[in-house]
Amino acid sequence: MTWIEVKAGFQSGQDLSPFVDIFGDFGIENTLEEGPSLTGCLVNVDGSPERIEELTSALKNAGALFVESRDLVEENWELAWRQFFKPRRIGTRFVVRPTWEEFGSSPGDLVIVLDPGQAFGTGDHPTTRLCLELLESADITGKRVLDVGCGSGILSVGACLLGAIDVLAIDIDPIAVEVAKENRALNNVSFEAVVGEGVLVYETKWDVVVSNIISATLIRLAADIRRLIVDNGRWIVSGVIVDNWPDVLRAAEAAGFFLVERKNEDGWVAASFKC
């Protein structure tokens, strides 16, 4: 059996989530993001060349700069995929590693074990890295943390390792919530993970809310999140394309937040607000 690898390239800082959905529409549920590119694979069977042509057209019509494909032999596939995922240090204390890689941690290191899968968030994307860095600098020991749009649960795991006493992870995608639960067990931490849309169904107040989601959703939820955060609490946001940052900042300030820290990487912005 062989596989066909499809790689699409994009402009730096471009929102890749619509293209991940396009890959998914063609049965490619797992994609690898490397800089401004996405790579996915499907089994080479009768009709595959035609599907590759359709996928190529769909990606280009949606704005991909280029799409290329090549055959892979199955026996080399797993090793070829794994070579992209190595232990990665994030911030001062966090290290994210896949299950198949060992890592000699140092005193004070917080190691998150996470394999690439169907939910966003492996530490390989700038938005996730920036969020973890801002979490680390937020001093959340003993705090209550709400993770809105939890994806793989990596930020919830990170919050637990940093000493948060109560963590709730929510996502509109049931698959993401199941993955978050799996990663909770893999890292031997404790947090609740639930399927949900919006945030006001939770009447409790939170010390920290972290949201690695698209700009439009951050803007829409800003006022609701302010009502959920205690006075002097913190809202950490990421997933913001640099061109959208002024709109996100405006919405946050209108909701009663003020900017504490901003980080940039590869055309993405993450920020920490207080109220």
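The values are calculated or read from the model by the stated rules, or taken from the named source; none is laboratory data. Since the structure is predicted, the reported quantities are computational estimates derived from the model, not experimental observations. Note that each Cβ is placed from the backbone with ideal geometry, even for glycine, and that neighbours are counted across all protein chains shown. Heavy atoms of the whole protein, side chains included, go into the accessibility calculation; ligands, DNA and RNA do not. Shrake-Rupley method; radii C 1.70, N 1.55, O 1.52, S 1.80 Å.
Tabulated data
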quantity: S137-L65 FRET efficiency (beta carbon distance; Förster radius 45 Å; 0.05 resolution); calculated: 0.80
quantity: Net dipole in debye of the chain [+1 Lys, Arg Cβ; -1 Asp, Glu Cβ; about Cα centre; nearest 20]; calculated: 1160
quantity: Cα-Cα over 23 Å, subset of K86/K274; K205/K263; K7/K86; calculated: K86/K274; K205/K263
quantity: Charge tally in the Cβ shell below 10 Å around K143, where Lys, Arg are +1 and Asp, Glu are -1, K143 excluded; calculated: -1
quantity: Average accessible surface area per residue within the chain, 1.4 Å rolling probe, Å²; calculated: 46
quantity: Accessible area in the full protein assembly, largest first, 1.4 Å probe, for D231, D171; calculated: D231, D171
quantity: P(r) tail fraction, the stretch 1-62 - alpha-carbon pairs more than 14 Å apart, %; calculated: 52
quantity: Residues with amide H under 5 Å from that of L65, placed H, sequence gap 5 or more; calculated: G9, F10, Q11
quantity: Computed label-point distance, nm, for sites V260 and V230 using a 7 Å Cα→Cβ extension; calculated: 1.3
quantity: Peptides ranked, highest mean first, by Cβ atoms within 10 Å: ranges 141-149, 55-63; calculated: 141-149, 55-63
quantity: Mean-position separation - Cα centroids, the stretch 8-33 and the stretch 251-274, in angstrom; calculated: 26
quantity: Placed amide H near A193: partners under 5 Å, 5+ positions off or other chain; calculated: A169
quantity: In sequence order, calculated HN-Hα J values of the stretch 260-275 (Karplus, 6.51, -1.76, 1.60; Hz; x Gly/Pro); calculated: 9, 8, 10, 10, 10, 7, 6, x, 10, 10, 10, 8, 10, 10, 10, 9
quantity: The chain - percent of accessible surface contributed by carbon and sulfur, probe 1.4 Å; calculated: 48
quantity: Sequence-distant residues sharing a close amide H with I236 (under 5 Å, placed H); calculated: V209, V210, S211, F273
quantity: DSSP beta bridge pairing in the chain, given as percent antiparallel to the nearest 5; calculated: 60
quantity: HN-Hα J in Hz across the stretch 230-240 - Karplus 6.51, -1.76, 1.60, θ = phi - 60°, x for Gly and Pro; calculated: 5, 4, 6, x, 10, 10, 9, 10, 8, x, 9
quantity: Listed residues T204, T128, T31, most fluctuating in the chain (Gaussian network, C-alpha, under 10 Å); calculated: T204
quantity: Per-selection metrics, the stretch 133-177 (Cα): Rg and Dmax in Å; calculated: 10.4, 30
